[in-house]
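Structure record follows, encoded as structure tokens.
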Amino acid sequence: MSTGAAAGTWKLGDLEVNRVGYGAMRLTGNGMMGNSDGTPIDRPGAVRLLHSAFEQGVNHIDTAAFYFSPLRSANELINRALSSWQDDVVVVTKVGPQRGPSGEWHTMARPDQLRGQVEENLRQLGQDHLDVVNLRCNGAEMVSIAEHFGALAELRKAGLIRHLGLSNVRPQHVAEAGTIAPVVCVQNSYGLDWRRADESGLVDLCREQGIAFVPYFTISGLRREAAAAQEHDARVHSVARAHDATSAQVRLAWTLHRGPHMLAIPGTTNPAHLAENIAAGALRLTDEELALLDKPGESAV
């Protein structure tokens, strides 16, 4: 068994993937909303990193056409890396938010503008169709997503998209989308210290409906590349010591233990961190450790 397969698999529609994937945002050197995470990785280094991920069993990668900085485009780097792995890796992308050529953020795309965003992803990735497209929403600001999701459902019927998902949504959005077309995954912010998706019932809803829940910012949303995230939680320290693991690995493992439908997409440009993230899929936490992690946190000394 490859390292990446240690956490088991899940199906995004008819596409089976290992539960530990890779998030490509950090490859650009910029965060989602333009917050710099440092100098972007060089192009040959990025391709080597992605090939290393694939060799270690990562076969699910998260990206978006709006993941770009003045020097890098995540989709362009993935396109290069996929040349010899074309049929082995599932690429999940997102549409909805709009950025201008200089990186400025605009309002949410209108339903009639989504086709252009889908076609831009197709061009950048060098694909004839997209494996999975998530509608990235404005959360509470969008009362209904029917028109937007309906527009993507039409593109799915046209053969440009294989499967559909959602990002940054509430349970009612999942229910609404499900009346239009099958939803194979939901991406929301979620982690040990940020459990709003538990409180809203979204994690349980996805489990009950066989929908993958794909949390982002699982490792507290901290910039480990810039300065290895300082772990101040005594619970995490305790469990990490017991397993000779890092705090990031414990946080990833906790997330994966929330259910077989949970996927992980940690991002990094550091080969050592990549290997650690993938290895977290093999970390098995005891019931006692899970109970400890579920208690209110305390600062470590």
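Observations on the model:
- Residues whose amide H comes within less than 5 Å of that of L166, counting only those at least five positions distant or on another chain, are L135, C185, V186, Q187 (H built at 1.01 Å from N in the peptide plane).
- Summarising the label geometry, the points placed 7 Å from Cα in the beta-carbon direction at D42 and A234 lie 4.7 nm from one another.
- Pairs of Cα atoms farther than 24 Å apart, region 1-124, %: 30
- Each residue, E104 and V143, gets one label point 7 Å from its Cα in the Cβ direction; the gap between the two is 3.0 nm.
- The lysines whose alpha-carbon is closer than 22 Å to the alpha-carbon of K11, local same-chain residues fewer than 8 away aside, are K94, K157.
- Placing +1 on the Cβ of every Lys and Arg and -1 on the Cβ of every Asp and Glu, with no other charges, gives region 96-176 a dipole of roughly 100 debye about its Cα centre.
- Between the amide H of L130 and those of I161, R162, distances stay under 5 Å, these residues lying 5 or more places away or on another chain, with hydrogens modeled in the peptide plane.
- Total formal charge among the other residues, if their Cβ is under 14 angstrom from that of V214, Lys/Arg +1 and Asp/Glu -1: +4
- Ordering F149, F217 by the number of other Cβ atoms within 10 Å of each residue's own Cβ, fewest first, gives F217, F149.
- Gained length - D204 relative to A282, 0.36 nm times residue gap less alpha-carbon distance: 25.7 nm
- Highest-first arrangement of 248-259, 47-58, where packing means the average Cβ count within 10 Å: 248-259, 47-58
- Simple label model, 7 Å out from Cα along Cβ direction - D244 to A158, nm: 5.5
- Rg/Rg_globular for region 3-293, with Rg_globular taken as 2.2 N^0.38 Å and Rg from C-alpha atoms: 0.95
- Helix-only arithmetic for the chain: the sum of -39500 (n - 2.57) across DSSP H runs with n ≥ 4, divided by the residue total, places the mean residue ellipticity at 222 nm at -9500 deg cm²/dmol.
- Relative contact order of region 3-293: 19 percent, from C-alpha pairs under 8 Å at least 6 residues apart in sequence.
- The spacing between region 172-186 and region 121-139, judged by their C-alpha centroids, is 17 Å.
- Cα-centre dipole for the chain with unit charges at Cβ (Lys and Arg positive, Asp and Glu negative), debye to 20: 360
- Unit charges at the beta carbon, dipole of the chain: most positive-side option, A81, V133, V186: A81
- Cα gyration tensor shape for region 63-161, rounded if a/c is under 1.5, else prolate or oblate: oblate
- Among beta bridges that DSSP assigns inside the chain, antiparallel share in %, nearest 5: 25
- Distances between placed amide hydrogens fall under 5 Å for D233 paired with A300, all partners being 5 or more residues away or on another chain.
Every number here is computed from the coordinates shown, using simple stated rules; none is lab data. Everything quoted here is computed from the prediction, not taken from an experiment. Here Cβ is always computed from backbone atoms with ideal geometry, including for glycine, and neighbour counts include all displayed protein chains.
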